[in-house]
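Down below is the structure, laid out as structure tokens.
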Amino acid sequence: MKINLTDLAERIEEQNYLQDLETVKYADISKSNAKLKELATKMVKETVAAIKHDSLSHVALEVTGQRPVTFILENNIINLPYSNYKKVSNFFEEGKDYPIYVYFETQSEFLNASNFRIDQLATEDEIMQSEDEVTAKLVEAIEEKIKQVREYTKPEPAPAKKPAAKKAATKKKTTKAKKK
């Protein structure tokens, strides 16, 4: 599937793409790797179905609990989330068709300073030809991000700086020139 900037922007703006959101608790995916694999498989299959129908997709897995995190698969021409679609035109030319890639996004206030991370998961060909390999890669990526979220320590706010003390103005002595 290839898409041009105008078509991409219109589809995203009109939300004309496959959307799905699954919500689970940490406990559901912590007990066994099987549940996480099942959810990742579903995410990959929905992304593949969208590509087969020449559609974009936004497939999300929201993990609730003490440190909530959301994982998203989006197919796009660039590693920008759909929420930033207006910025895509800064990187591409109008009138050209561009290939689609599958991006893995992670959103959590316990991830990093920006609360966001996006990585390319696969090319369109890779996901179409080897769903199992891409699913395994997705499970591994989700596990890695969950570990990061659980281990994240928010930086301490910087102490407020006191304004620099003003130095007392020193007067310069001036001497008058002597008249002869």
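The values are calculated or read from the model by the stated rules, or taken from the named source; none is laboratory data. Keep in mind that this is a model prediction, so the values were computed, not measured. Heads up, the Cβs are rebuilt from the backbone with ideal geometry, glycines too, and the neighbour counts pull from every protein chain shown. Heads up: the accessible areas ignore ligands, DNA and RNA and are worked out on the full protein's heavy atoms, side chains in. Shrake-Rupley method; radii C 1.70, N 1.55, O 1.52, S 1.80 Å.
Tell me what the chain gives for mean residue ellipticity at 222 nm when only DSSP H runs of n ≥ 4 count, each as -39,500 (n - 2.57), the sum divided by the residue total, rounded to 500 deg cm²/dmol.
Rounded to the nearest 500, the figure is -10500 deg cm²/dmol.
Report, to one decimal in Å, the Kirkwood hydrodynamic radius for the stretch 98-145 based on all distinct Cα pairs.
Values: mean 1/r = 0.0858 Å⁻¹.
About 11.7 Å, per the Kirkwood formula over Cα pairs.
Excluding ligands and nucleic acids, what accessible area in Å² is computed for Glu13 using a 1.4 Å probe, to the nearest 10?
120 Å²
Starting from the amide H of Gln19, placed 1.01 Å from N in the peptide plane, find each other amide H under 5 Å away whose residue is 5 or more places distant or on another chain.
His58
Can you divide the C-alpha Rg of the stretch 62-167 by 2.2 N^0.38 Å and report the result to two decimal places?
Numbers: Rg = 19.0 Å, N = 106, 2.2 N^0.38 = 12.9 Å.
Compactness ratio reported: 1.47.
Rg(Cα) of the chain divided by 2.2 N^0.38 Å? Could the numbers behind the result be given before it?
Values: Rg = 26.0 Å, N = 180, 2.2 N^0.38 = 15.8 Å.
Relative to the rule-of-thumb radius for its length, the chain sits at 1.64.
Filter the trypsin sites (Lys or Arg not before Pro) in the stretch 81-110 to those in DSSP coil with at most 15 other Cβ atoms within 10 Å of their Cβ, and list the result. If you can, show how the numbers build up before the last one.
Working: sites: Lys86, Lys87, Lys96; in loops: Lys96.
Here the trypsin sites (Lys or Arg not before Pro) that fit, given the DSSP loop and packing criteria, are Lys96.
With the full set of protein chains in place, find how many percent of the accessible area of the stretch 1-57 is carbon and sulfur; take the probe as 1.4 Å.
C and S fraction of accessible area: 45 percent.
Using Cα pairs under 8 angstrom and six or more residues apart, how large is the relative contact order of the stretch 19-78, in percent?
Relative CO of the stretch 19-78 lands at 40 percent.
Could you tell me which GluC sites (Glu not before Pro) in the stretch 67-117 are loop residues by DSSP with no more than 15 other beta carbons within 10 angstrom of their beta carbon?
In loop regions of the stretch 67-117 (DSSP not H, G, I, E or B), the sparsely surrounded GluC sites (Glu not before Pro) are Glu93, Glu94, Glu109.
For the chain, what's the relative contact order in percent, using C-alpha pairs closer than 8 Å and at least 6 residues apart?
22 percent
Work out which helices of the chain, taken as complete DSSP H runs, extend at least 24 Å along their axis over the Cα atoms and score a mean Kyte-Doolittle of -1.0 or more, then list them.
Those that clear 24 Å and a mean of -1.0 are 33-52, 131-151.
Can you give the percent of C-alpha pairs in the stretch 52-102 whose distance is more than 16 Å?
More than 16 Å apart: 52 percent of the Cα pairs in the stretch 52-102.
Counting only heavy atoms of the protein chains, get the accessible area per residue of the chain (1.4 Å probe) and round it to a whole Å² value.
Roughly 67 Å² per residue, with all protein chains present.
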